[in-house]
Amino acid sequence: MRNSDQVRKILSWYPSDNPGTLSNLARMMNTGRLAGTGKFVILPVDQGFEHGPVRSFQPNPGGYDPDYHYNLAIDAGCNAYAAPLGALEATAGKYNGEIPLILKLNNSDSMAKVGEPISAITGSVEDALRLGCSAIGFTIYPGSAERNLMYEQIREMILEAKSVGIPTVLWAYPRGSGLSKAGETAVDIVAYAAHVAAQLGAHVIKVKPPTAHVEQPENQKVFEKFNIPTATMADRVRHVVQSCFNGKRIVIFSGGEAKGTDAVLEEIRGIRDGGGFGSIMGRNAFQRPHDEAVKLLNTIMDIYAGKA
Amino acid sequence: MRNSDQVRKILSWYPSDNPGTLSNLARMMNTGRLAGTGKFVILPVDQGFEHGPVRSFQPNPGGYDPDYHYNLAIDAGCNAYAAPLGALEATAGKYNGEIPLILKLNNSDSMAKVGEPISAITGSVEDALRLGCSAIGFTIYPGSAERNLMYEQIREMILEAKSVGIPTVLWAYPRGSGLSKAGETAVDIVAYAAHVAAQLGAHVIKVKPPTAHVEQPENQKVFEKFNIPTATMADRVRHVVQSCFNGKRIVIFSGGEAKGTDAVLEEIRGIRDGGGFGSIMGRNAFQRPHDEAVKLLNTIMDIYAGKA
Amino acid sequence: MRNSDQVRKILSWYPSDNPGTLSNLARMMNTGRLAGTGKFVILPVDQGFEHGPVRSFQPNPGGYDPDYHYNLAIDAGCNAYAAPLGALEATAGKYNGEIPLILKLNNSDSMAKVGEPISAITGSVEDALRLGCSAIGFTIYPGSAERNLMYEQIREMILEAKSVGIPTVLWAYPRGSGLSKAGETAVDIVAYAAHVAAQLGAHVIKVKPPTAHVEQPENQKVFEKFNIPTATMADRVRHVVQSCFNGKRIVIFSGGEAKGTDAVLEEIRGIRDGGGFGSIMGRNAFQRPHDEAVKLLNTIMDIYAGKA
Amino acid sequence: MRNSDQVRKILSWYPSDNPGTLSNLARMMNTGRLAGTGKFVILPVDQGFEHGPVRSFQPNPGGYDPDYHYNLAIDAGCNAYAAPLGALEATAGKYNGEIPLILKLNNSDSMAKVGEPISAITGSVEDALRLGCSAIGFTIYPGSAERNLMYEQIREMILEAKSVGIPTVLWAYPRGSGLSKAGETAVDIVAYAAHVAAQLGAHVIKVKPPTAHVEQPENQKVFEKFNIPTATMADRVRHVVQSCFNGKRIVIFSGGEAKGTDAVLEEIRGIRDGGGFGSIMGRNAFQRPHDEAVKLLNTIMDIYAGKA
Amino acid sequence: MRNSDQVRKILSWYPSDNPGTLSNLARMMNTGRLAGTGKFVILPVDQGFEHGPVRSFQPNPGGYDPDYHYNLAIDAGCNAYAAPLGALEATAGKYNGEIPLILKLNNSDSMAKVGEPISAITGSVEDALRLGCSAIGFTIYPGSAERNLMYEQIREMILEAKSVGIPTVLWAYPRGSGLSKAGETAVDIVAYAAHVAAQLGAHVIKVKPPTAHVEQPENQKVFEKFNIPTATMADRVRHVVQSCFNGKRIVIFSGGEAKGTDAVLEEIRGIRDGGGFGSIMGRNAFQRPHDEAVKLLNTIMDIYAGKA
């Protein structure tokens, strides 16, 4: 499939990557209902690992089965499906390439009382290759005292992945003793975490939709001095996207906790208006009944495509 | 031996594995009195290491000898015999393949006061190959603050083992500062730990029979909201099995502490009725006199085979 | 893109491969005008290396430029574009994934007087990964006294490629002191060479359309004894396809020297009627003017698709 | 399955091997109709590679399909099925362990005019592991001027295979400029080649049934001086078996060219009477119709088991 | 030298080891006054490292010189001489194989205040090979919170040593925050520690003579319930030996602190009567004058040989 002008423009922002890595990035952009637009809606399903199966899948019990998610992502026309190793092992060899896969290379469960937040490494670039994945995923927790270890883990993986033609999606989730609870989604911190992800070499950066809270007093002064608008979601997303190489990195936004359809769509419009590149929407997708989820995801895609 | 339809169906759940790994998985399913049924009764003897020899073997002193267990597993028609390195070294080269072996690659003793639970690595995939083993075994303690290290140890071993045709049995035993004592066997936590084992790439998942306790308040809300039944062992086992890729992973249950025959059998019937794939029965087997143990294990096999 | 039933059937013939390798094989089958049919028309351009540029490109000088071929393959709706390292270096990073690429890993030029035929290794699996290729290609010359070296080179590359998710296209071109000139395209020898390629682990086997000549007297006896038909191209192709695991390997046919359109199409119909999986058509494509080439390739695709 | 006394006795002849290697050797002895007897009937199908598909498979065209052979070996109750890489790739992942597999690691085709006989390496120990094979196979041509290269290739493979628990079957086929045509099956040479295979570390040695010809004059003198009987097949087999560590290596005999049933059975009785351990029977098996082949192989097994 | 029936029986307990490892084990059993009996008296001299030179050697100043110990071991007819790297460097190349050597691969000094007990690695398997040693030695401290690290260090060394034909002597010395001071020699703990050593793959296990103290309440219940006798040294040694694979591992006992000859001999008789395999006697040997030491050691040997 020919890369559209928009896809070519986005690829031009990564001029130091090899064709293998860019081809996989393009593949995600050329898949699904948003193919060619440079926009993304990705289905991520690591909530079973992160929050436990009952909380994640009981609302829509089909989701206990990894097959369900693989197929939902296709039925809804997503760009890619992201999951931990086991779920991809259970599906990759059954369907063989029907949708781009993102192997999540670290995960955290909610059973242990770990001190500072840091996930366990649960997969490798070698796994991504043998499973035919188009990208690796990894979570960093800027704000955690374990920062250095996490950053060092992912920079090694990014380097290895790049050499074999695999781009990286970085979940940048501020968290840890360096931040207040409100700070985890503060606009200055989300922008900062996203910038760090860009500096670490991420191709796609995933953050949470930012709130108007500003965490660091030094930042607050600057926001005030320069009248940086933060009132609307679009304002805040614009700041985050600008913080990622002036918009020359793909920044996408998580859907967060399950909520009503109107609330979801309003948030999406804000992300779109602020120049966000799309959404990675888990619980708000797979916890709805299948057809409802497809309908919601399609509406979201239409919003990003400028059709709704 | 031809794989039965049931065995082929189970193997189809692991579509990303190579033939070597699946052949070893099949070998365990084609051994013993349950051959071809897709059900498992495995004899594990790591209690000498875990709890010390006197507590483990004095009730039936023949068990001080690793030969005893190797032979008991065959006499009873088990699918496999699992043990630490030393016990397999003492028997593998004497009998040479009379029953599939599972090399337990980590172990914990009860002498040290270790902080958060984590076992010592006591063997390698290379050992498993030279001893002719059909699988490796490993214990994770979800709930331990040492979670990351454990998960990272086993994911590397699973990757290596898969590449040389060896499947993995994961002992998922919730334990550690993140959980209450009751939480270690709580139905939500056992299901969660089993799910994590599946995501880590385990082929066979071993858990303890779950109690009706629900450990995490967030989970309690979900159990209540969706009226998930937990009254009977069958109810709870069903939830655990569902949490493992909707039943597409082999989940087996430990026998736990030594107890009366009726109590054992009742538990087994619950596991069977809930869709459990079998038992891994140590102390309740080898601490009984030989013929009594064989009789008990045979009755258990009959229950799983639907004959009792 | 969903794999069609036909694509799934073909993938089922490679049950020992990992999902990465099968996904790349599927990608080629899901590209172009023949997407989903399980048929192939591939554009190969290694003639510049093999026969020199003037002979190859002067008839249609646009072909001096590797861009021309990359685009021609897309314009014509081919499944893939195959070329040596340099030509792919010149295009892969410019277009980034617009069509599946096959990196030809060995090549021979016509300047040296090499004794027994054997090509030089001109690329690696590592190159294929960094360039984002969907397959590697390699030429063997069964009949050459250098057979052992060639077979040993490719078996190591196939093993490496499989481990990182890349399938192999093997050019099986009988040639060398063991064969007469007529023997190079003899039906018994083409079938034999294709069988050897299958045994070496090739996923796709490329041979020349066979003639009715039978090279080896022992084979002649068998053809006669069993009345194996060889009169038509379809007869001979059928024998070759059967010789590749009874049709369970993808066998495609080269277009050979440039010739008239009618001759080309008649040959294609024979290949199709004999159960061939498609064509790999170089000179007869790129030596024609662009639009004429597209038209010819489209007609060929229609023939394979049963539309012409 | 318990090893019989006979199997244990045979295993005791390999006291320096690790349990993994002996377990795989035992597995072959515990499979099929001859399970437990220490006798072997193996189905080898590398003739497609060695002699070409038409000569090999046209007499019974089902044999073009590797599935046919995998199933024939099981239907007939063979101990193992031996084939080159491609044929095992096509079947191992479909059936997953239904019969022990022997991966032939080198092969020769009949297209090239190679000087001194030496096969190409076409697989690796790593392949054997990932395909779940119970042994590797390899052909040496004692008598060839390429002897050193072949011996050095196999000794490295044997060492690697032993370390990961895989035994070796060595095809010892005297051939090359050092021998006359008659010498290739001469009793002194077959015995000598088998002895060399034993010295190279083979666990199972495959030779052709020897003729009464004595190739080397020095040997002829000894045969005469000591009145070594060579008149019957049993006499000659006895000499060959004695030459392999006085019968403490498993020596099996090829079936050779296709021939009538009576001729086959007479030869088998001679091998049995001489103390041969069994047959590796290719063309005389798979070139017959399926049921006839099963019947023939079963009769052969009965002969080895002392029932016919 | 022929292995005696007793030596052959002992070697049969290690059926998974290669001949190199068993030959070195046999060499120790075939050396000195106890040659062929399967009993051991080993001279270990690591006290200089462990307790400092003045405390260790001043009582008999010849012992400052490593030559002294090498020769004392031979003069007394010991099976082997064990020491840290430096002492063996100083003697191995001077005498070149006059007595089997055991290279102690970890050591602890008494200068540092280390938290939980763990020794420093002070040598390697490579050292053992180049110095011509017949075994490696290693100390584990079951009961230490550093347990995992120690067990993981030795399991890697054992695997490496086995692969190059070197057996392992494991010093199992319970110690650390998990145990009381009395617990370090408690009969239940010594038995447990010895069992763990066996499971880790040790060929020879060295423990301290156990006291009648039982450390763990759960064990106390079992000792009482089954009336396990612990009154005499023989009783306790019997329990320890049984705990090591029912007597199928070589268990030897340290001499402990220097004491009077009668006390030493009485302890030895207890060890012998309980089925212990011998002693590893340091300070009670080398701190006595040479001839007195030889006489004591000879008497000890006579006791083990049943002559005293």
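The values are calculated or read from the model by the stated rules, or taken from the named source; none is laboratory data. Since the structure is predicted, the reported quantities are computational estimates derived from the model, not experimental observations. When we count neighbours, we look across all protein chains shown, and the Cβ atoms used for this are built from the backbone with ideal geometry, even at glycine. Side chains are part of the model used for accessible areas, which takes the heavy atoms of the whole protein and leaves out ligands, DNA and RNA. Shrake-Rupley method; radii C 1.70, N 1.55, O 1.52, S 1.80 Å.
Hey, any hits in region E:264-278 for a residue that's away from chain B (no Cβ under 14 Å), open to solvent by 10 Å² or more (accessible area, probe 1.4 Å) and within 14 Å of the chain's Cα centre (by Cα)? Yes, region E:264-278 contains a residue that is away from chain B (no Cβ under 14 Å), open to solvent by 10 Å² or more (accessible area, probe 1.4 Å) and within 14 Å of the chain's Cα centre (by Cα).
Of all the listed residues (A:ARG2, A:ARG8, A:ARG33), the sole one being in contact (Cβ under 8 Å) with a residue 24 or more places away in the chain and either open to solvent by 40 Å² or more (accessible area, probe 1.4 Å) or of a type in the set (Asp, Glu) (or both) is A:ARG33. Can you tell me which residues in region B:71-99 are under 18 Å from the mean Cα position of the chain (by Cα) and either under 30 Å from E:ASN227 (Cβ atoms) or part of a strand (DSSP E or B) (or both)? Result: B:LEU72, B:ALA73, B:ALA76, B:ALA80, B:TYR81, B:ALA82, B:ALA83, B:PRO84, B:ALA87. Determine if region D:120-127 includes at least one residue that is hydrophobic (A, V, I, L, M, F, W, C), more than 12 Å from every other protein chain (Cβ to nearest Cβ) and in contact with a strand residue (DSSP E or B) (Cβ under 8 Å, 6 or more places away or on another chain). The answer is no; no qualifying residue exists. For region C:186-231, a residue qualifies if it is more than 7 Å from chain D (Cβ to nearest Cβ), touching a residue at least 40 places away in the same chain (Cβ under 8 Å) and not small (Gly, Ala, Ser), and the qualifying residues are C:VAL187, C:VAL190, C:HIS203, C:VAL204, C:ILE205, C:LYS206, C:VAL207, C:LYS208, C:PRO209, C:THR230. Kindly evaluate E:ASP17 against the criterion of being charged (D, E, K, R), open to solvent by less than 30 Å² (accessible area, probe 1.4 Å) and within 14 Å of another protein chain (Cβ to nearest Cβ). Judged against the criteria, E:ASP17 is a match.
Just one residue in the set A:GLU152, A:GLU146 is without any contact (Cβ under 8 Å) to a residue 40 or more places away in the chain, under 23 Å from A:TYR14 (Cβ atoms) and more than 18 Å from the chain's Cα centre (by Cα); that residue is A:GLU152.
One line per residue, one yes/no per condition, for (1) of a type in the set (A, V, I, L, M); (2) in a strand (DSSP E or B); (3) open to solvent by 10 Å² or more (accessible area, probe 1.4 Å); (4) closer than 24 Å to D:TYR81 by Cα:
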position: D:GLY137; (1), (2), (3), (4): no, yes, no, yes
position: D:GLY143; (1), (2), (3), (4): no, no, yes, no
position: D:LEU159; (1), (2), (3), (4): yes, no, yes, yes
position: D:GLY183; (1), (2), (3), (4): no, no, no, no
position: D:ALA198; (1), (2), (3), (4): yes, no, no, yes
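Candidates in region B:31-70 are the residues that are of a type in the set (S, T, N, Q) and part of a helix (DSSP H, G or I); of these, the one that is farthest from the chain's Cα centre (by Cα) is B:SER56. When the helices (runs of 4 or more DSSP H) confined to region E:212-307 are screened for residues that are at pLDDT below 95, those reaching at least 3 such residues are found at E:261-273, E:283-286. Residues of region D:51-70 that are at the interface with another protein chain (Cβ under 7 Å from one of its Cβ atoms) and in contact with an Asp or Glu (Cβ under 8 Å, 6 or more places away or on another chain): D:GLY52, D:VAL54, D:ARG55.
Checking each residue in region D:1-16 for being under 21 Å from D:ALA305 (Cβ atoms) and not in a helix (DSSP H, G or I) picks out D:MET1, D:ARG2, D:ASN3, D:SER4, D:TRP13. Close Cβ contacts (under 9 Å, 6 or more residues apart or on different chains) running from residues in region C:61-84 that are without any contact (Cβ under 8 Å) to a residue 12 or more places away in the chain to residues that are of a type in the set (Asp, Glu) comprise C:ASN71/C:GLU98. If you take the residues of region D:36-56 that are open to solvent by 10 Å² or more (accessible area, probe 1.4 Å) and free of Cβ contacts under 8 Å to residues at least 40 places away in the same chain, which of them is nearest to D:GLY274 (Cα to Cα)? The selected residue is D:GLY36. Select from region E:161-181 the residues that are open to solvent by less than 10 Å² (accessible area, probe 1.4 Å) and on the phi > 0 side of the Ramachandran plot and list them in ascending order. Correct list: E:GLY165 only. Total residues in region A:29-50 satisfying the condition of being out of contact with any Cys (no Cβ under 7 Å at 6 or more places or on another chain) and more than 10 Å from chain C (Cβ to nearest Cβ): the figure is 15.
The residues of region E:157-185 that are among the hydrophobic types (A, V, I, L, M, F, W, C), under 30 Å from E:PRO229 (Cβ atoms) and more than 11 Å from chain B (Cβ to nearest Cβ), listed by number, are E:VAL169, E:TRP171, E:ALA182. Scan (1) touching a residue at least 40 places away in the same chain (Cβ under 8 Å); (2) in contact with a helix residue (DSSP H, G or I) (Cβ under 6 Å, 6 or more places away or on another chain); (3) within 16 Å of C:LEU170 (Cβ to Cβ) for the single condition C:ILE118 breaks and write down its number. For C:ILE118, the exception is condition (1). When A:LYS113 is evaluated against the numbered criteria (1) in a loop (DSSP other than H, G, I, E, B); (2) open to solvent by less than 10 Å² (accessible area, probe 1.4 Å), which criterion, by number, is the only one it fails? Exception for A:LYS113: condition (2). When B:ILE154 is tested against (1) more than 7 Å from every other protein chain (Cβ to nearest Cβ); (2) among the hydrophobic types (A, V, I, L, M, F, W, C); (3) touching a helix residue (DSSP H, G or I) at 6+ places or on another chain (Cβ under 8 Å), only condition (3) is not met. Beta carbons closer than 8 Å, at least 6 apart along the sequence or on distinct chains, pair a first residue in region C:246-260 that is free of Cβ contacts under 8 Å to residues at least 12 places away in the same chain with a second that is of a type in the set (D, E, K, R) and in a loop (DSSP other than H, G, I, E, B) for C:ASN246/D:ASP65.
Criterion first (at the interface with another protein chain (Cβ under 10 Å from one of its Cβ atoms) and touching a residue at least 12 places away in the same chain (Cβ under 8 Å)) does E:GLY137 satisfy it? The answer is no for E:GLY137.
Residues in region C:121-135 that are open to solvent by 50 Å² or more (accessible area, probe 1.4 Å) and not β-branched (Val, Ile, Thr): C:GLU126, C:ARG130.
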